[in-house]
Amino acid sequence: MPFAAVDQVTDKAFDYVIVGGGTAGLTLATRLSENPNISVLVLEAGTNNSDHPMITKSSQHGFHFGNPDLDWAFKTIPQKHGLDVVHTWPRGKLLGGSSSTNFQCWVHPPKQDVDNWERLGNPGWNWEMFEEYSSRVYTVTEPRLPEGWKIWDVSKPYGKGPLSVILPNVTETDIKFRETLLNLGIPQAPAPYHGNPKGANITLGTFHATTYLRSSSATAYLLPNIDRPNLIVLLSALGHRLIFDDDDSSAGWLAKGVEFSSGNDKTPRKVYAKKEVVLCAGALKSPQILELSGIGRPDVLKKIGVPLRFKLPGVGENVQEHQFTGLAFELKDNVTDEMFDVLKDEKGYLRHGELLAQGKGLHTIGVTNLAYMPLSAFSGLGRAKEIYANEKKKISEELEKGLYPPGLKEQYDLLLEMLNPERPEGHPSIEIIGFPGYLSFPKTPIPGKKYYTLCAAVNHNFSRGTIHATSSDPFSDPEIDPHYFEHDIETKNFVEAAKFLRKLAQTAPLSDILQVEHNPGPEVQDQKDLEDWAKKGSITVFHTIGSCSMLPREKNGVVDAHLKVYGTKNVRIADLSIVPLHIAAHTQSTAYVIGERAADIIREASENAWGGLDH
């Protein structure tokens, strides 16, 4: 049915209540509602802005951040190990969630990164699973690749799902970036979409194949099926907490429904679930909802005045996030390419809107150049071994002191195994990005100048953060503390990557079009200054995971391999919060895979009378 009114939902009962209409949530809801005999309700805190020009027109990277109609605009607390910087963490607050506001990169993780989830105690969560479920998500219009480039195994399917993925148009400046990587010895990635992205990638994006408009979970999954009578979506509906049956809980707590509010009216309302409640509110909100429901760390719940229902210390813990920095370079006057920054100008925006209708212009350009390599490829083997040895020593000493929570040792063992610079294959843990525009901090661009940014992202952080409720008020944001730079290896990785990016800028053909380094600038040279710049200028890549980790309960897990919240009979979580160990990839594809996988898990459980507790 079309979008519901609040009175059509309040005090009603549905088979499945899904809290969060984002990337995974809409994927899950659409798949479950394929069965006409079950009813699915989605509570989405945002509105339907799928036709908003800031959303539909591709490549407006970050322009909508801070807009309260589109973005949650979360803030971290000052970072103790990061010069007390407060970071903004944008997240999509609209139908489709962050699939409606992201940079549209379609990237698959390395095989080993996904296999690690299974090694941490999650049977079936491995690379074969990822390939199977990702193929259900998207369809690729066969990319027109430059001669000699191969990104796809022709023996593999291009996908058969509703999401449109293409290779968008590419600027000449981007081509020079790619050629420069090859000139510096960075090889082409042998199988970026089949488990081995090590090397230079040509990256696909979530664009409609003919219009170049954004493809998201809202436009690809939900809206084509919005007239299903058993699929109900309530917008502007903020999920507060779960409603539990207070009868005998010895076999686990039974969720009867969800408390929520509608729009500006903060009055608590209720909706009931006949079968299951599924949290798809994302890594920043799902732990808060659990805590307001009485599930989590006893000390956190006591502090916010919420009675403890079930002790689950992993809620809001094990938070991992990607970070990146950008070195911004002025382009020489002879460069004819236009950069994304032109879209900030009203005349430029209107002109490129006209070009879009012709399949041309900046709205058809994507972030198509990524390279994934081990640290040693940028720093040299000797320096990489030194940085690795220092981190290994730190972990050993802190383990002896008993400073780590249950389960963290196993994660660190896997990271140290992967990132050992003496491994012949080398794990692609650091990402290099060519961005046609200004994406650099803390300096701001000079008006009238044209920039190209060379970015570096650290994808396997050792630092572990927290996300916790600070009040029983569901309208208060959770406290977000990523613990940036708590492990010095992250700082050192950024510095080594920045040195490599400067070398890249001085190598042809990129050196033919770049001139002045604007940020951090030639005055920032020594180790201390570069480290301080990294701490001031790094920002989130919007890839938060781990706050409701899928791990054994004794290892600080929150959900089991069936996505069931420990201690409950019928509550699951299906979003990026369940990922226990981070991946060297943009996380959009993984969020879709989780939604697809969750649908199969729930359907199978329903056929087996909900599958019991599964633990």
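For the list (1) more than 30 Å from THR219 (Cβ to Cβ); (2) out of contact with any strand residue (DSSP E or B) (no Cβ under 9 Å at 6 or more places or on another chain), I need the number of the one condition that LEU181 fails.
Only one criterion in (1) more than 30 Å from THR219 (Cβ to Cβ); (2) out of contact with any strand residue (DSSP E or B) (no Cβ under 9 Å at 6 or more places or on another chain) is unmet by LEU181, namely (2).
Counting only residues that are in contact (Cβ under 8 Å) with a residue 24 or more places away in the chain, touching a helix residue (DSSP H, G or I) at 6+ places or on another chain (Cβ under 9 Å) and more than 15 Å from THR171 (Cα to Cα), how many does the stretch 337-355 have? Step through it out loud before you land on a result.
Filtering the stretch 337-355 for residues in contact (Cβ under 8 Å) with a residue 24 or more places away in the chain gives 337-341, 343-344, 353.
Retained after the next criterion (residues that are touching a helix residue (DSSP H, G or I) at 6+ places or on another chain (Cβ under 9 Å)): 337-341, 343, 353.
Cutting the leftovers down to more than 15 Å from THR171 (Cα to Cα) gives us 343, 353.
Matching residues across the stretch 337-355 total 2.
Could you tell me which numbered condition ASP265 fails, if it satisfies all but one of (1) closer than 30 Å to ALA497 by Cα; (2) of a type in the set (D, E, K, R); (3) free of Cβ contacts under 8 Å to residues at least 60 places away in the same chain?
Among (1) closer than 30 Å to ALA497 by Cα; (2) of a type in the set (D, E, K, R); (3) free of Cβ contacts under 8 Å to residues at least 60 places away in the same chain, the lone unmet condition for ASP265 is (1).
Which one of the conditions (1) in a helix (DSSP H, G or I); (2) farther than 17 Å from PHE324 by Cα does PHE475 fail to meet, given that it meets all the rest?
Condition not satisfied by PHE475: (1).
Please enumerate the residues belonging to the stretch 360-383 that are over 24 Å from LEU510 (Cβ atoms) and buried (at least 22 other Cβ atoms within 10 Å of the Cβ). Spell out how you get there, then give the answer.
Restricting attention to the stretch 360-383, the residues satisfying the condition of being over 24 Å from LEU510 (Cβ atoms) are 360, 363, 381-382.
HIS363 - this is the single residue of the stretch 360-383 that is over 24 Å from LEU510 (Cβ atoms) and buried (at least 22 other Cβ atoms within 10 Å of the Cβ).
When only residues in the stretch 237-258 that are among the charged types (D, E, K, R) and without any contact (Cβ under 8 Å) to a residue 24 or more places away in the chain count, which is farthest from ALA273 (Cα to Cα)? Step through it out loud before you land on a result.
Let us first name the residues in the stretch 237-258 that are among the charged types (D, E, K, R), namely 241, 245-248, 256.
Still in the running and without any contact (Cβ under 8 Å) to a residue 24 or more places away in the chain: 245-248, 256.
On the way: ASP245: 11, ASP246: 15, ASP247: 16, ASP248: 18, LYS256: 6 Å.
Applying the filter and picking the extreme gives ASP248.
Output the number of residues of the stretch 522-574 satisfying the condition of being modelled with pLDDT under 95, assigned to a loop (DSSP other than H, G, I, E, B) and among the β-branched types (Val, Ile, Thr).
The number of residues fulfilling the criteria is 1.
Name every residue in the stretch 177-207 that is outside any strand (DSSP E or B) and under 21 Å from the mean Cα position of the chain (by Cα), in order of residue number. Lay out the reasoning, then the answer.
So the first thing to find is which residues in the stretch 177-207 are outside any strand (DSSP E or B), and the list is 177-187, 189-190, 192-195, 197, 203, 206.
PRO192, TYR193, HIS194, GLY195, PRO197, THR203, THR206 - these are the residues of the stretch 177-207 that are outside any strand (DSSP E or B) and under 21 Å from the mean Cα position of the chain (by Cα).
Take GLU118 and tell me if it is surrounded by fewer than 17 Cβ atoms within 10 Å (Cβ to Cβ), outside the structural domain of PRO187 (by TED's automatic domain parsing) and charged (D, E, K, R).
Values: surrounded by fewer than 17 Cβ atoms within 10 Å (Cβ to Cβ): yes; outside the structural domain of PRO187 (by TED's automatic domain parsing): yes; charged (D, E, K, R): yes.
Here the answer is yes, as GLU118 does meet what is asked.
What residue, of GLY21, GLY25, is part of a loop (DSSP other than H, G, I, E, B), within 19 Å of the chain's Cα centre (by Cα), buried (at least 24 other Cβ atoms within 10 Å of the Cβ) and modelled with pLDDT of 95 or more?
Values: GLY25 fails: part of a loop (DSSP other than H, G, I, E, B).
Matching residue, one of GLY21, GLY25: GLY21.
It is to be established whether one or more residues within the stretch 289-310 are of a type outside the set (Val, Ile, Thr) and within 21 Å of LEU70 (Cβ to Cβ).
No - not one qualifying residue is present in the stretch 289-310.
Restricting to the stretch 357-374, name every residue that is over 30 Å from ASP337 (Cβ atoms) and assigned to a helix (DSSP H, G or I).
Here is the first cut: in the stretch 357-374, the ones over 30 Å from ASP337 (Cβ atoms) are 374.
None - no residue of the stretch 357-374 is over 30 Å from ASP337 (Cβ atoms) and assigned to a helix (DSSP H, G or I), so the list stays empty.
Return the residues of the stretch 262-277 that are touching a Phe, Trp or Tyr at 6+ places or on another chain (Cβ under 8 Å) and either outside any strand (DSSP E or B) or hydroxyl-bearing (Ser, Thr, Tyr) (or both); say none if nothing qualifies. Talk me through it step by step, then tell me what you get.
The initial filter retains those residues of the stretch 262-277 that are touching a Phe, Trp or Tyr at 6+ places or on another chain (Cβ under 8 Å), namely 266, 268-277.
Within the stretch 262-277, TYR272 is the sole residue that qualifies.
Specify which of the listed residues (LEU408, LEU375, LEU399, LEU403) is among the hydrophobic types (A, V, I, L, M, F, W, C) and under 30 Å from ALA189 (Cα atoms).
Numbers: LEU408 fails: under 30 Å from ALA189 (Cα atoms); LEU399 fails: under 30 Å from ALA189 (Cα atoms); LEU403 fails: under 30 Å from ALA189 (Cα atoms).
Every option except LEU375 fails the conditions.
Looking at LEU254, LEU235, LEU292, LEU284, which one is touching a Gly at 6+ places or on another chain (Cβ under 8 Å) and either aromatic (Phe, Trp, Tyr) or at negative phi (or both)?
Values: LEU254 fails: touching a Gly at 6+ places or on another chain (Cβ under 8 Å); LEU292 fails: touching a Gly at 6+ places or on another chain (Cβ under 8 Å); LEU284 fails: touching a Gly at 6+ places or on another chain (Cβ under 8 Å).
So the residue among LEU254, LEU235, LEU292, LEU284 that is touching a Gly at 6+ places or on another chain (Cβ under 8 Å) and either aromatic (Phe, Trp, Tyr) or at negative phi (or both) is LEU235.
Identify all residues within the stretch 302-316 that are in a loop (DSSP other than H, G, I, E, B) and buried (at least 17 other Cβ atoms within 10 Å of the Cβ); write none if there are none. Give the steps one after another, and end with the answer.
Keep residues of the stretch 302-316 that are in a loop (DSSP other than H, G, I, E, B), which gives 305-309, 312-316.
Those that are in a loop (DSSP other than H, G, I, E, B) and buried (at least 17 other Cβ atoms within 10 Å of the Cβ): VAL306, ARG309, LEU312, PRO313, GLY314, VAL315, GLY316.
Residue check, PHE103 against (1) under 17 Å from ILE539 (Cα atoms); (2) touching a strand residue (DSSP E or B) at 6+ places or on another chain (Cβ under 8 Å), all met but one. Which one?
The number of the failed condition is (2).
What residue, of ALA283, ALA328, is in a loop (DSSP other than H, G, I, E, B) and either polar (S, T, N, Q) or closer than 26 Å to VAL86 by Cβ (or both)? Show your work before the answer.
On the way: ALA328 fails: in a loop (DSSP other than H, G, I, E, B).
Step by step, each of ALA283, ALA328 is checked, and only ALA283 is in a loop (DSSP other than H, G, I, E, B) and either polar (S, T, N, Q) or closer than 26 Å to VAL86 by Cβ (or both).
Looking only at the stretch 464-495, which residues are under 30 Å from GLY185 (Cβ atoms) and either surrounded by fewer than 21 Cβ atoms within 10 Å (Cβ to Cβ) or not charged (D, E, K, R) (or both)? First the steps, then the outcome.
Pass one, the stretch 464-495, residues under 30 Å from GLY185 (Cβ atoms): 485, 487-495.
Listed by number, the residues that qualify are PHE485, HIS487, ASP488, ILE489, THR491, ASN493, PHE494, VAL495.
Out of PRO509, PRO474, PRO428, PRO436, which single residue is modelled with pLDDT of 95 or more and in contact with a His (Cβ under 8 Å, 6 or more places away or on another chain)?
Numbers: PRO509 fails: in contact with a His (Cβ under 8 Å, 6 or more places away or on another chain); PRO428 fails: in contact with a His (Cβ under 8 Å, 6 or more places away or on another chain); PRO436 fails: in contact with a His (Cβ under 8 Å, 6 or more places away or on another chain).
Exactly one residue qualifies, and that residue is PRO474.
In the list TRP127, TRP149, which residue meets the criterion of being aromatic (Phe, Trp, Tyr), surrounded by fewer than 21 Cβ atoms within 10 Å (Cβ to Cβ), modelled with pLDDT under 95 and over 16 Å from the mean Cα position of the chain (by Cα)? Walk me through it before giving the result.
On the way: TRP127 fails: modelled with pLDDT under 95.
Matching residue, one of TRP127, TRP149: TRP149.
Given SER58, SER50, which one is surrounded by fewer than 21 Cβ atoms within 10 Å (Cβ to Cβ), within 30 Å of LYS360 (Cα to Cα), under 20 Å from the mean Cα position of the chain (by Cα) and among the polar types (S, T, N, Q)?
Values: SER58 fails: surrounded by fewer than 21 Cβ atoms within 10 Å (Cβ to Cβ).
Of SER58, SER50, the one residue that is surrounded by fewer than 21 Cβ atoms within 10 Å (Cβ to Cβ), within 30 Å of LYS360 (Cα to Cα), under 20 Å from the mean Cα position of the chain (by Cα) and among the polar types (S, T, N, Q) is SER50.
Among LYS443, LYS450, LYS535, LYS528, which is among the basic types (Lys, Arg), over 30 Å from LYS111 (Cα atoms) and without any contact (Cβ under 8 Å) to a residue 24 or more places away in the chain?
Details: LYS443 fails: without any contact (Cβ under 8 Å) to a residue 24 or more places away in the chain; LYS450 fails: without any contact (Cβ under 8 Å) to a residue 24 or more places away in the chain; LYS535 fails: without any contact (Cβ under 8 Å) to a residue 24 or more places away in the chain.
The unique qualifying residue is LYS528.
Which of the residues belonging to the stretch 375-423 are assigned to a helix (DSSP H, G or I) and free of Cβ contacts under 8 Å to residues at least 24 places away in the same chain? Break it down stepwise before answering.
Within the stretch 375-423, the subset assigned to a helix (DSSP H, G or I) is 376-379, 381-400, 408-419.
GLY382, GLU386, ALA389, LYS393, SER396, GLU397, GLU398, LEU399, GLU400, LYS409, ASP413, GLU417, listed by residue number.
Tell me, yes or no, whether the stretch 155-171 has at least one residue that is touching a Leu at 6+ places or on another chain (Cβ under 6 Å), surrounded by 19 or more Cβ atoms within 10 Å (Cβ to Cβ), assigned by TED's automatic domain parsing to the domain that holds ALA209 and touching a residue at least 40 places away in the same chain (Cβ under 8 Å). If you could, list the steps in order and put the result at the bottom.
Looking only at the stretch 155-171, we keep the residues that are touching a Leu at 6+ places or on another chain (Cβ under 6 Å), and these are 165, 167.
Then keep just the ones that are surrounded by 19 or more Cβ atoms within 10 Å (Cβ to Cβ); that gives 165, 167.
The next check asks that each one be assigned by TED's automatic domain parsing to the domain that holds ALA209; those that pass are 165, 167.
Those still in the list that are touching a residue at least 40 places away in the same chain (Cβ under 8 Å) too: 165, 167.
Within the stretch 155-171 (the criterion being touching a Leu at 6+ places or on another chain (Cβ under 6 Å), surrounded by 19 or more Cβ atoms within 10 Å (Cβ to Cβ), assigned by TED's automatic domain parsing to the domain that holds ALA209 and touching a residue at least 40 places away in the same chain (Cβ under 8 Å)), the answer is yes, since at least one residue qualifies.
Output the residue which, of all residues in the stretch 86-97 that are touching a Phe, Trp or Tyr at 6+ places or on another chain (Cβ under 8 Å) and in a loop (DSSP other than H, G, I, E, B), is nearest to ASP575 (Cα to Cα). Lay out the reasoning, then the answer.
Of the stretch 86-97, the ones touching a Phe, Trp or Tyr at 6+ places or on another chain (Cβ under 8 Å) are 87-93.
In the following step, the residues that additionally are in a loop (DSSP other than H, G, I, E, B) were identified as 87, 90-91, 93.
Details: HIS87: 22, PRO90: 17, ARG91: 13, LYS93: 15 Å.
Ranking the qualifying residues of the stretch 86-97, first place goes to ARG91.
The values are calculated or read from the model by the stated rules, or taken from the named source; none is laboratory data. In this text, all values refer to a predicted model and were calculated from it rather than measured experimentally. Methodologically, a virtual Cβ is constructed for each residue, glycine included, from the backbone with ideal geometry; neighbour enumeration extends over all protein chains shown.
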